[in-house]
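Enquirer: A single structure is presented below for examination.
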Amino acid sequence: MKKSIKRVLAAALIGIGTLGLCGCGGKVNGVNVNKMIDKFSTYGNAGDYKSIEYKLTTTDVNDDMVKGQIDYMISQKTVTEDITEGEVAMGDTANIDFVGSIDGVEFEGGNSNGQGYDLTLGSGSFIPGFEDQVAGHKIGETFDVNVTFPEDYQSADLAGKAAVFKVTINSAKKNTTPEYNDEFVKANSEYNTVAEFEAGLKKDMTEYYAKTDKNANRSAIISALVDQTVVEKFPEQETEELLKKTMKRIEDTASQYGYDTATYVTTYLGYSSEDAFKDYVKGVVEDHIKEKIAICSVAKTENKSVNNKEVEDYIQTMIDDYGYDDREAVLEDYTEEDLVYYALEDKICTYLLEVVPPTVATDTDAE
């Protein structure tokens, strides 16, 4: 619960912006970037940030991953219909009841207790040999299934032992899976052939994971940077105003649900008291400001800033990646000050990923 609330509170900070940063000269969209950097860098120090440790995530989109996506797509197009009579076959889903015994004695966990269990034959979810013996029997039939538990079975009391399950097939559903061929591809995608579809799918997946890897690596290096940043003190005015504005958003949300704030945070969010929740919010606010101190500290040391083009390029990236219609739509969620800071953060992250070698480079296969 609290992890999800932290995301809500972090989102609540969006649109609040940095405070008191607009000075004379050197402005980008009305924001004095150098003044922002100078101000927040005085509150702490990022230390030896070129020696921070982080793991680099890289995802190699391979054929198995592409096949997994294709299999999922086919599964979504599988048609299921009730079977009212006759035999069940591999691929069908049989609703069964069963009672298991060893040497004539029932064992714990081996009885469905008449609750019915949906078993897709061929899925490999049951003991080896079980599903093969169910296939070919008729709906309504009761019969014995003879199996032997694997030697490495999770329950030592059952491992390696022969068992008999008395099984009844209550009902069944037939799963008709479409054939994966050019006709299937034409009907379910913009491509005409399997080869074209798989090439396009791999390209799309590669682009997708390039973005997710970038976000993961940005998060990793920011987290490492913030962890080692020492905050001398938090700016009182900014901290207090962010806390008030964030709590105001929570109060408004509580009101929308018909609660007062205390009832909302204790009953709906699960905190012990309103004060405990305020302490939590204060921690989130300080995390937000500490990150800003860390970024500005590096920017100050490296003499880095952002110009109008870099900010506008960043805004365009937000439009492209997050589905905003245009710049005006972005400004409904963010202030100009937010966007200038986040463009600076993006620039500093890119710089750190270039100059700080990862502790571990991790190749990942997405599931």
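Enquirer: So the check is Cβ under 6 Å with 6+ separation or different chains; which pairs have a first residue in the stretch 167-186 that's closer than 30 Å to residue 99 by Cα and a second one that's open to solvent by 40 Å² or more (accessible area, probe 1.4 Å) and part of a helix (DSSP H, G or I)?
Expert: Short answer, once both residue conditions are applied: none.
Enquirer: Can you find a residue that is acidic (Asp, Glu) and farther than 30 Å from residue 188 by Cα anywhere in the stretch 130-140?
Expert: Yes, there is a match, as at least one residue in the stretch 130-140 is acidic (Asp, Glu) and farther than 30 Å from residue 188 by Cα.
Enquirer: Quick one: is residue 125 in a loop (DSSP other than H, G, I, E, B) and polar (S, T, N, Q)? Steps first, please.
Expert: Numbers: in a loop (DSSP other than H, G, I, E, B): yes; polar (S, T, N, Q): yes.
So residue 125 passes the test.
Enquirer: Can you tell me which residue in the stretch 305-358 is nearest to residue 33 (Cα to Cα), limited to those that are over 26 Å from the mean Cα position of the chain (by Cα) and of a type in the set (Ser, Thr, Tyr)?
Expert: 305
Enquirer: OK, next. Quick test for you: out of 58, 84, pick the one residue that is of a type outside the set (Asp, Glu), more than 21 Å from residue 212 (Cβ to Cβ) and either touching a residue at least 40 places away in the same chain (Cβ under 8 Å) or open to solvent by 30 Å² or more (accessible area, probe 1.4 Å) (or both). So that I can check it myself, show each step before the final result.
Expert: On the way: 58 fails: more than 21 Å from residue 212 (Cβ to Cβ).
Answer to the check: 84.
Enquirer: Is it the case that some residue within the stretch 165-186 is at pLDDT 95 or above, aliphatic (A, V, I, L, M), within 33 Å of the chain's Cα centre (by Cα) and open to solvent by less than 60 Å² (accessible area, probe 1.4 Å)?
Expert: So far as the stretch 165-186 goes, yes, one or more of its residues are at pLDDT 95 or above, aliphatic (A, V, I, L, M), within 33 Å of the chain's Cα centre (by Cα) and open to solvent by less than 60 Å² (accessible area, probe 1.4 Å).
Enquirer: What residue, of 233, 309, 300, 248, is at pLDDT 90 or above, crowded, with 16+ Cβ neighbours inside 10 Å and of a type in the set (D, E, K, R)? Please lay out each step first, then the result.
Expert: Values: 233 fails: crowded, with 16+ Cβ neighbours inside 10 Å; 309 fails: crowded, with 16+ Cβ neighbours inside 10 Å; 248 fails: crowded, with 16+ Cβ neighbours inside 10 Å.
Exactly one of 233, 309, 300, 248 is at pLDDT 90 or above, crowded, with 16+ Cβ neighbours inside 10 Å and of a type in the set (D, E, K, R), namely 300.
Enquirer: I would also like to ask the following. In the stretch 46-92, how many are within 30 Å of residue 352 (Cβ to Cβ) and either part of a helix (DSSP H, G or I) or of a type in the set (S, T, N, Q) (or both)? Give the steps one after another, and end with the answer.
Expert: From the stretch 46-92, those within 30 Å of residue 352 (Cβ to Cβ) are 46-62, 65; that's our starting set.
Narrowing further to those that are either part of a helix (DSSP H, G or I) or of a type in the set (S, T, N, Q) (or both): 49-51, 57-59, 62, 65.
Of the residues in the stretch 46-92, 8 are within 30 Å of residue 352 (Cβ to Cβ) and either part of a helix (DSSP H, G or I) or of a type in the set (S, T, N, Q) (or both).
Enquirer: Tell me the residue from 146, 113 that is in a loop (DSSP other than H, G, I, E, B), open to solvent by 40 Å² or more (accessible area, probe 1.4 Å) and farther than 28 Å from residue 180 by Cβ, please. First the steps, then the outcome.
Expert: Details: 146 fails: in a loop (DSSP other than H, G, I, E, B).
From the options 146, 113, the qualifying one is 113.
Enquirer: Among the residues of the stretch 194-230 satisfying the criterion of being open to solvent by 40 Å² or more (accessible area, probe 1.4 Å) and either acidic (Asp, Glu) or touching a helix residue (DSSP H, G or I) at 6+ places or on another chain (Cβ under 6 Å) (or both), which is farthest from residue 59 (Cα to Cα)?
Expert: Ranking the qualifying residues of the stretch 194-230, first place goes to 227.
The values are calculated or read from the model by the stated rules, or taken from the named source; none is laboratory data. Please read these numbers as outputs of a predicted model, since none were measured by experiment. All Cβ positions, glycine included, derive from the backbone under ideal geometry; neighbour counts span all protein chains shown. When the accessible area is computed, the model is the full protein with side chains, heavy atoms only, and any ligands, DNA or RNA have been set aside. Shrake-Rupley method; radii C 1.70, N 1.55, O 1.52, S 1.80 Å.
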